[in-house]
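Structure, as structure tokens:
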Amino acid sequence: MKERNLAVEILRKLLAEQVSLYRRTNLVKSEKFSEKLLRAMKAYINGMISNEEVIAELMKIASDMASAHAEGDVLGFNAEELAFYDALTRPEAIKDFYNNEELVAMTRELTEMLKKNRVIDWQKKESVRAGMRRMVKKLLKKYKYPPEGMGDAVTTVIGQCELWAGA
């Protein structure tokens, strides 16, 4: 393109739109891609990278987003299940403690449990939200999740559950 700044802005807007779509369904991926996009644009605005380099970086982010969509197909997950799998495996070290079959089983059981117990007005009733958190913690405890030293992992899973229930 003749106007490289225009190309950068168009790519940025398209990627920001995709990130906002993730924000509605997948907490972990929205944070990951938002951070990558923000980091690339900060470097570009601060003059640390050129137009060509930022365009290449934005294209790489777009490629990562496309492969993230395909990741669910490889594992046999729908979008909901993939979001929970991402939340469960957010700390990379989790994969050292659990094999993939355990993580897949945990994801499927968590998704199924939440589907069965979904309540329409969960956002308005603290007791319903507390019940959902209690069910999730009980399920995670059954699988001895998370390993010691990774207490924030449960917070991520609960956050994904609340995001999902609100959708």
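The values are calculated or read from the model by the stated rules, or taken from the named source; none is laboratory data. Owing to the predicted nature of the structure, the values given are computational and were not obtained by experimental measurement. Backbone-built Cβ (ideal geometry, glycine too); neighbour counts: all protein chains shown. Areas reflect the complete protein model, heavy atoms only, side chains present, ligands, DNA and RNA absent. Shrake-Rupley method; radii C 1.70, N 1.55, O 1.52, S 1.80 Å.
How much area per residue is accessible in the chain when the probe is 1.4 Å and only protein heavy atoms are counted (Å²)?
Counting only protein heavy atoms, the per-residue value for the chain is 60 Å².
Can you give the alpha-carbon Rg of region 52-154 over 2.2 N^0.38 Å, where N counts its residues?
Scaled against compact globular proteins, the figure is 1.29.
Would you mind calculating the relative contact order of the chain from Cα pairs under 8 angstrom and at least 6 residues apart, reporting the percent as a whole number? Before the final figure, lay out the partial values.
Values: 128 pairs, mean separation 43.9, N = 167.
Value for the chain: 26 percent.
Quick check: the angle from helix 79-88's long axis to the longest principal axis of the chain, C-alpha only, nearest 10 degrees?
Taking the Cα atoms of the chain, the angle to 79-88 is about 80 degrees.
Please give the FRET efficiency for LYS115 paired with SER67, using the beta carbon to beta carbon distance and R0 = 35 Å, rounded to the nearest 0.05.
Efficiency, from the Cβ-Cβ distance: 0.80.
According to a simple spin-label model (label point 7 Å from Cα along Cα-to-Cβ), what is the distance in nm between ALA130 and LEU21?
If labels sit at LEU21 and ALA130, their model points lie 3.9 nm apart.
Once you've got the Cα coordinates, tell me which of LYS60/LYS95; LYS42/LYS137; LYS32/LYS141; LYS36/LYS116; LYS29/LYS115 are over 30 Å apart.
LYS42/LYS137; LYS36/LYS116
Set the Förster distance to 41 Å, then compute FRET efficiency between ALA43 and ASP152 from the Cβ-Cβ distance, nearest 0.05. Walk me through the intermediate numbers first.
On the way: r = 28 Å, r/R0 = 0.68.
So, using R0 = 41 Å, E works out to roughly 0.90.
Between ALA105 and LYS142, with labels modelled 7 Å along Cα→Cβ, what's the label distance in nm to one decimal, could you check?
With each label point 7 Å from Cα toward Cβ, the separation is 1.1 nm.
First compute the accessible area of region 33-167 with a 1.4 Å probe, then give the percent of it belonging to carbon and sulfur atoms.
54
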